[in-house]
């Protein structure tokens with residue numbers, strides 16, 4: 001089963017951050033990180049109202065940490081080097097750069113600049129870049145989203 005997983009993921013051997021773990025244990029590690037990251041994002045929704053009245057710290061911190069933990073979960077499966085290689089693939093390079101930059105800039109805008117407007121902008125950019133990044137792994141995912149947005153907005157690119 002592990003050989004099949006490695007071939008499916010394009011790896012020759014186990015490049016995960018924990019190579020001594022079995023495939024099942026690495027899948028559990030991924031699921032825990034993804035679940036914990038999603039839980040943090042869900043917790044941040046409790047602070048969503050505070051975001052619009054100027055209390056951005058809690059929301060931005062929880063939401064950004066949730067994204068970071070979720071991405072870290074892939075290290076269990078494919079490792080940080082393979083993840084970096086996938087992130088720099090031409091199809092998702094721009095989304096990756098924008099996503100990573102927005103993670104950093106969200107935290108900087110909260111804790112260094114103390115700018116509520118910048119925090120809201122960077123959280124929105126972070127959300128959009130994360131969705132765009134995830135859709136790059138789904139065949140026709142981005143095309144489907146484009147079609148949905150065009151139909152909702154009435155905008156036609158042709």
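What follows is calculated from the coordinates using simple rules that are stated; it is not laboratory data. Because the structure is a prediction, the values reported are computed rather than measured. Glycine gets a Cβ as well: all are built from the backbone with ideal geometry, and neighbour counts include every protein chain shown.
Residue count for region 67-106 satisfying the condition of being part of a helix (DSSP H, G or I) and free of Cβ contacts under 8 Å to residues at least 60 places away in the same chain: 27. Restricting attention to region 12-47, report how many residues are assigned to a helix (DSSP H, G or I) and over 15 Å from residue 110 (Cα atoms). The qualifying residues number 22. On the stretch given as region 48-66, residues that are part of a loop (DSSP other than H, G, I, E, B) and more than 13 Å from residue 123 (Cα to Cα) total 3.
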